Amino acid sequence: YASSAPLECMKVLAVAEKPSVAKEIANILSQQSYRTQQGPSQYNRLFEFSTPYRGSQCQMIVTSVTGHLMELEFCDERHAKWKRCDLIELFDAPIRQRVPDDKRDIERNLEQAARGCHELHLWLDCDREGEAIGFEVVDVCKRANPRLQIRRARFSALI
């Protein structure tokens, strides 16, 4: 029995470590044929285009972060000012990860873009910092869309 329903077009969100890299990835993958949208983040545009992927056409959205998306802070405010506590307490003091106010627009940008996507492609530097930023991006995007499949691009330079 063959269904007459059209196959759903795969939608992929690709995230780069900085805006200039996102634009270059979009240029290369779209052969310079993309549409630009402004999302919640003024500096992190969305580049959209259709491209062949895994044997069919997919809708690709490329955007970026600007370095680290999250920061760590102590859960107990008295640990924030080291002079208010015994320094030895800091070794075991609980911490939490959060998106600071100045990165909230980037967080919203990622959340909105990730909602309708099937895959998240991480185009981040191949170093420890790029890996750490990648985990931050995954955390934000998976909160918006827990079904996202994650893929990591490995590259050393864009042509």
Point to revise | Accessible surface, per residue, of the chain when the full set of protein chains is kept, probe 1.4 Å, Å² | key: 64 Å²
Practice item. Any of Lys18/Lys83; Lys18/Lys81; Lys11/Lys103 with alpha carbons more than 29 Å apart? Name them for me. Key: Lys18/Lys83; Lys18/Lys81
Study note, to complete from the structure: The orientation-averaged projected area of the Cα convex hull of the chain, in nm², is 12.6 nm²
Check your understanding: When the chain is modelled as a GNM with alpha-carbon springs shorter than 10 Å, which of Asp92, Asp76, Asp125 fluctuates the most?
Key -> Asp92
Review point. Arranged from highest to lowest average of other beta-carbon atoms within 10 Å per residue, in what order do the peptides 53-59, 151-157 appear?
Key: 53-59, 151-157
Revision key, fill the gap. For the chain, longest principal axis from Cα atoms; helix 19-30 axis from its Cα atoms; angle between them, nearest 10 degrees, is 20 degrees
Check your understanding: So what is the 222 nm mean residue ellipticity for the chain from helices alone, if each DSSP H run of at least 4 adds -39500 (n - 2.57) and you divide by all residues, rounding to the nearest 500 deg cm²/dmol?
Key -> -8500 deg cm²/dmol
Review point. Okay, which of the stretch 122-154 sit inside 17 Å, backbone N to the point 7 Å along the Cα-Cβ direction of Arg98?
Key: 140
Check your understanding: Phe155 to Trp82: extension gain in nm, 0.36 nm per residue of separation minus the Cα-Cα distance?
Key -> 22.2 nm
Exercise for review: Grab the other residues whose beta carbon is less than 14 angstrom from that of Ala93, score K and R as +1, D and E as -1, and report the net.
Suggested key: -2
Point to revise | Debye, to nearest 20: dipole size of the chain, +1 on Lys, Arg Cβ, -1 on Asp, Glu Cβ | key: 500 debye
Check your understanding: Pick from Ile106, Ile88, Ile25: which residue has the top mean-square fluctuation in a GNM of the chain where Cα pairs under 10 Å get a spring?
Key -> Ile88
Review point. Roughly how tilted is helix 128-144, in degrees to the nearest 10 and between 0 and 90, from the longest Cα axis of the chain?
Key: 70 degrees
Exercise for review: For the stretch 96-134 and the stretch 20-55, write down the distance between their C-alpha centroids in whole Å.
Suggested key: 16 Å
Revision key, fill the gap. Counting Lys and Arg as +1 and Asp and Glu as -1 over every other residue whose Cβ sits under 12 Å from the Cβ of Asn109, the net charge comes to +2
Point to revise | Dmax and Rg, reported as Rg then Dmax, of the stretch 75-159 (C-alpha, Å) | key: 17.1, 52
Review point. Which percent of the accessible heavy-atom area of the chain goes to carbon and sulfur, probe 1.4 angstrom?
Key: 51 percent
Review point. What is the set of long-range amide H partners of Ser64 at a cut-off below 5 Å, with H atoms built 1.01 Å from backbone N?
Key: Ala16
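The values are calculated or read from the model by the stated rules, or taken from the named source; none is laboratory data. All of these numbers come straight from a predicted model, not from anything done at the bench. Here the Cβ is made from the backbone with ideal geometry for all residues, glycine too, and neighbour counts use every protein chain on show. Accessible surface is based on the protein model in full, side chains and every heavy atom, while ligands, DNA and RNA are left aside. Shrake-Rupley method; radii C 1.70, N 1.55, O 1.52, S 1.80 Å.
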